[in-house]
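> Questions regarding the structure given below will be posed in turn.
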Amino acid sequence: MIIFKSINKLNKCIENIDNIGFVPTMGSIHNGHSSLIKKSKKICKKTLVSIFVNPKQFNNKKDFINYPRNTKRDIRILRKLNVDYVLLPTYSDIYGAKENRLIKIPKINKILCAKYRPGHFEGVLQVINQYLIKLNVQKIFLGEKDYQQLKIISNFVRKRFDIKIVACKTIRHKNTFALSSRNQLLIKEDLYKLSEIFKILKSFKLKLKKSFKYKYKISDVKNLIRKMGVKLEYLEMRDKHTLSKKCNKSNFKIFISYYYKKIRFIDNI
C-alpha cells in the first residue's frame, strides 16, 4: 500500500493505469467503507481510498470539529484490506489557492437532508468535482446509506464526467441500524437505542407493504420514535427512483433523520 499526501505525486504513479476504483471517505473507516473497498478490489485493477474531512459540507462548525478522526487506525485497517493507494490530501491540495465557484443543486433536490442542511450537498459536490477533475479514476464507489447524496452525485457526475458510479448496499450492525462513522461517538447502550429505532421503521415498512393505506399512520410512528428520546428531524416516504413524494406500494423508501445525544443520524429502508 502506498500513501500519498500530494495529488500530483499520486497522479504520476497512476497515470498509466486504466481501471482504478475510487472510494472517497472522511476517515473513521468502518465495515461500510470496507464493503465499498472490497467491491472495488473485485472489479478494478487498483483501488484508491481518500481520507479528507471536507469542511465545505458541514453547515455546523461544531459538527466539523467533533467529527471522529483517527488516521493511524484508518491506515491499519486499509493496510489489512490490501488497498493499493491511500490519498491524504490537504485543503489546498483539493481546492487550491483560489476560491472555487459554488456548485448549486437544483431546487427540486432541496428536500430531506438538503432542506435541513443548507449548503451540505453543494459542499459534497465541490469536493467530488475536484477529485474527479484531478484524479485518473474510472469508477467511484458510494454507499446507499447516504441515498440522497448518492442520487445527487450520480446526476452530477453523469452530466460532466466519463466515470461510472457503483452504488453499494448499506451495511448494517447485526441487521439493524446503518453503520456510520458517527456511531463511534456512542457507547453500547446508545447503539441499542439506534437498533430499536430501526426495528420501528422495519415494522412500519412491513405494514406498508401489506397495505399502503397504513401510510396515514406515519404520525403515530413519528410519536413512537420521539418517545425513544430522540429529536426527529424528518420521517418521510418517497419514490426510491425519483425521491418524489408521489410513491406507491412497489416503489417507496422510508427516509429518516434524527438527533440523539446531539449527534445527527440518517437512514433509509
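The values are calculated or read from the model by the stated rules, or taken from the named source; none is laboratory data. Worth saying up front: this structure is predicted, and the values here are computed from it rather than measured. Cβ atoms come from the backbone with ideal geometry, glycine included; neighbour counts cover every protein chain shown. Note: areas computed on protein heavy atoms with side chains; ligands, DNA, RNA excluded. Shrake-Rupley method; radii C 1.70, N 1.55, O 1.52, S 1.80 Å.
> Tabulate in residue order the Karplus-calculated ³J(HN,Hα) for the range 192-204, using 6.51 cos²θ - 1.76 cosθ + 1.60 with θ = phi - 60°, rounded to whole Hz; enter x for Gly and Pro.
Computed from phi, the couplings for the range 192-204 are 4, 4, 4, 5, 5, 5, 5, 4, 5, 5, 5, 5, 4 Hz.
> Can you tell me the Rg and Dmax of the range 35-157, counting just the alpha carbons, in angstroms?
For the range 35-157, the Cα radius of gyration and maximum Cα-Cα distance read 15.2, 43 Å.
> Please give the FRET efficiency for Ser244 paired with Thr71, using the beta carbon to beta carbon distance and R0 = 35 Å, rounded to the nearest 0.05. Mind showing how you got there, number by number?
Values: r = 40 Å, r/R0 = 1.15.
With R0 = 35 Å, the Cβ-Cβ based efficiency is 0.30.
> Another question about this same structure. As an exercise, use a Förster radius of 41 Å and the Cβ-Cβ distance of Tyr216 and Ile133 to find the FRET efficiency, rounded to the nearest 0.05.
On the way: r = 47 Å, r/R0 = 1.15.
So, using R0 = 41 Å, E works out to roughly 0.30.
> Could you tell me which of Ile43, Phe204, Ile94 has its Cα farthest along the dipole of the chain towards the positive end, charges placed at Cβ (Lys, Arg +1; Asp, Glu -1), taken about the Cα centre?
Looking along the dipole axis, the top candidate is Phe204.
> Going 7 Å from the Cα of Lys169 toward and past its Cβ, which residues in the range 8-41 have a backbone nitrogen under 17 Å from where you end up?
31-40
> At what distance in angstrom do the alpha carbon centres of the range 41-64 and the range 89-143 lie from each other?
Each part reduced to its Cα centre gives a spacing of 11 Å.
> Filter the trypsin sites (Lys or Arg not before Pro) in the range 151-230 to those in DSSP coil with at most 14 other Cβ atoms within 10 Å of their Cβ, and list the result. Show your work: numbers first, answer last.
Details: sites: Lys151, Arg158, Lys159, Arg160, Lys164, Lys169, Arg172, Lys174, Arg182, Lys188, Lys193, Lys199, Lys202, Lys205, Lys207, Lys209, Lys210, Lys213, Lys215, Lys217, Lys222, Arg226, Lys227; in loops: Lys169, Lys174, Lys227.
Answer by residue number: Lys169, Lys174, Lys227.
> Whole-Hz ³J(HN,Hα) for each residue in the range 249-260, computed from phi via Karplus 6.51 cos²θ - 1.76 cosθ + 1.60 with θ = phi - 60°, x for glycine and proline: what do you get?
4, 9, 10, 8, 10, 9, 10, 9, 9, 7, 10, 9
> With every protein chain left in place, what is the accessible area of Asp267 in Å² (1.4 Å probe, nearest 10)?
20
> What is the ratio of the Cα radius of gyration of the chain to 2.2 N^0.38 Å, where N is its residue count, to two decimals? Kindly include the intermediate steps, with their values, before the conclusion.
Values: Rg = 19.0 Å, N = 269, 2.2 N^0.38 = 18.4 Å.
The reported ratio for this selection is 1.03.
> Calculate for the chain the 222 nm mean residue ellipticity that helices alone would give, adding -39,500 (n - 2.57) per DSSP H run of length 4 or more and normalising by residue count, nearest 500 deg cm²/dmol. Spell out each step's value before the answer.
Numbers: 10 runs with 108 residues, N = 269.
Theoretical 222 nm ellipticity from helices: -12000 deg cm²/dmol.
> Where the accessible area of the chain is counted over protein heavy atoms with a 1.4 Å probe, how much of it, in %, is carbon and sulfur?
Values: 7420 of 14580 Å².
Of all accessible area on the chain, carbon and sulfur atoms account for 51 percent.
> Explain nothing, just compute: Karplus ³J(HN,Hα) = 6.51 cos²θ - 1.76 cosθ + 1.60, θ = phi - 60°, for every residue of the range 56-61 in order, whole Hz, x for Gly and Pro.
Karplus-based 3J(HN,Hα) across the range 56-61 equals 5, 9, 9, 8, 10, 4 Hz.
> Sticking with this structure for a sec: Taking N as the number of residues in the range 148-269, what is its alpha-carbon radius of gyration divided by 2.2 N^0.38 Å? Each step should come with its number before you reach the end.
Working: Rg = 15.7 Å, N = 122, 2.2 N^0.38 = 13.7 Å.
Normalised Rg, Cα atoms only: 1.15.
> Moving on. From the square roots a ≥ b ≥ c of the eigenvalues of the alpha-carbon gyration tensor of the range 211-269, which class results: rounded (a/c under 1.5), prolate (a/b over b/c), or oblate? Don't skip to the end; give the middle numbers.
Numbers: a/c = 3.30, a/b = 1.59, b/c = 2.07.
Verdict is oblate for the range 211-269.
> How much net charge surrounds Glu189 when only other residues with a Cβ under 14 Å from its Cβ are counted (Lys, Arg +1; Asp, Glu -1)?
Taking every Cβ under 14 Å from that of Glu189, the sum is +1.
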